[in-house]
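This is the structure I want to talk about, given as structure tokens.
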Amino acid sequence: VVMVIVIVITLSITLPRRDENGGGSHTAWHRDSDRFRRLKDYLVANRISVVHDLEDESTPQHYAAQWLAHKDPMQLEILDSSSSSENLSKDHNTLVERYSLTVFYYATGGPNWNNNLNFLSGAHVCAWYSDFFIEGDDDSIADSILYTMGVHGCKDVGDGELAPFSLFVPHNNLVGTLPGELQHLDRLEIFALEHNPDLTGTIPRGLSGMESLRRLALQWCSFTGVVPTWIGNMPSLSFLGLGNNLLEGPVPKELFTLTNLQLLGLDDNALSAQISDFYPLSNLRSLYLEDNNITGTISEALLASWPRLQELDLSGNKLSGELPDNFFNHEMHLVVLDLHDNEFSGELPSNTWENDELEFLALHGNKFRGTLTTEDFIKFKVLRHLDIS
């Protein structure tokens, strides 16, 4: 992803002390206790987890169920497996969301996270978070930014019930694969785990149940496989970050139905698509497709379909053809434009109006021809980076 201005700042981070909730020995747990058996039966009856995962002592599901049954200071009431979850909605949601977050904790190496984030404390899951500050060079508290990680925010859904709104755990040494139980956190609107390079496996289908998601941020991890077709089941998404993973194959057509997207990052994978496929995404402000296998040409109609676009990075692909004559005059508000290392040809558009928005322009590594004068670039009033070599 191209940054408009690169500023090197030394940051000091004040982090909370690591809490060891949920760590330590599990020898005191009793697999066949009455509480564990009743919890297992309830989770199986309501299709939250499968019996094999709950009984296998090596799984995060078993660890989570044992913790809820025996170590959780809250000691929730274990619901009757014969009761309908619809009739016990509030208690059911409280139990299932607590269990699912605990599975997530164990599945991603929670005891070895950089920061425990108050997970597995006796508080409601809405308190499973920690605050810390990012401070500037002058160490001034006034210039510090408060940063909250964990279950960052809950919403009141009525009748005194709180539901998790955001799960935000970046840069925290998450290790492992994401569990299917995440599907039961279906009231989340933000799910962000970026910059955890030891998160592996495919993007789990369990995420498909999060139909209220507005932000899905999984960039800078090590996910493999394809971009799943069920991504189209998330019509509220405005932010989708899947860049810098190990994804491959065609971009599914279902993704192009997500017309509320404002930021789409698929960069630095091995994905293929025609650039014209992105035509329907008319609300985009930032589009990062660099270093993939994107082909095709940029037409005037395609430019017109992105009236709000501010950052466009298509570098390192296989785009070809000539740029439209009015390329730099189009009614976009681009701040960043990076087309380097493609197969564009022809003359660069020279009928350029004055532009007081474009700050970054990279066109090198193509097959452009012709001559540009200083006067051509004087029209770019705020240009800070130019590379056309």
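What about Leu39, is it under 18 Å from Gly110 (Cα atoms), open to solvent by less than 20 Å² (accessible area, probe 1.4 Å), more than 28 Å from the chain's Cα centre (by Cα) and at pLDDT 95 or above?
Answer is no for this residue.
Among the residues of the range 218-246, which ones are more than 19 Å from Gly176 (Cβ to Cβ), free of Cβ contacts under 8 Å to residues at least 60 places away in the same chain and open to solvent by less than 10 Å² (accessible area, probe 1.4 Å)?
Correct list: Val227, Ile231, Met234, Leu237, Leu240, Gly241.
A further question follows. Evaluate the range 301-316: report whether one residue or more is part of a strand (DSSP E or B), of a type in the set (Ser, Thr, Tyr) and surrounded by 14 or more Cβ atoms within 10 Å (Cβ to Cβ).
no
Then there's this: Any idea which of (1) at positive phi; (2) part of a loop (DSSP other than H, G, I, E, B); (3) not hydroxyl-bearing (Ser, Thr, Tyr) is the one His333 doesn't satisfy?
(1)
Right, something else. When the residues of the range 152-208 are narrowed to those that are among the small types (Gly, Ala, Ser), in a loop (DSSP other than H, G, I, E, B) and in contact with a strand residue (DSSP E or B) (Cβ under 9 Å, 6 or more places away or on another chain), which ends up modelled with the highest pLDDT?
Ranking the candidates gives Gly201 first.
Among the residues of the range 247-296, which ones are open to solvent by less than 50 Å² (accessible area, probe 1.4 Å) and over 27 Å from Leu199 (Cβ atoms)?
Across the range 247-296, the qualifying residues are Ile275, Ser282, Asn283, Thr295, Gly296.
Quick one: how many residues across the range 317-338 are touching a Leu at 6+ places or on another chain (Cβ under 6 Å), open to solvent by 10 Å² or more (accessible area, probe 1.4 Å) and aliphatic (A, V, I, L, M)?
Total meeting the criteria: 2.
The values are calculated or read from the model by the stated rules, or taken from the named source; none is laboratory data. These figures come from a predicted structure and were not determined experimentally. Positions of Cβ are backbone-derived with ideal geometry, glycine not excepted, and every protein chain shown enters the neighbour counts. The area values use the complete protein model at the heavy-atom level, side chains included, leaving out ligands, DNA and RNA. Shrake-Rupley method; radii C 1.70, N 1.55, O 1.52, S 1.80 Å.
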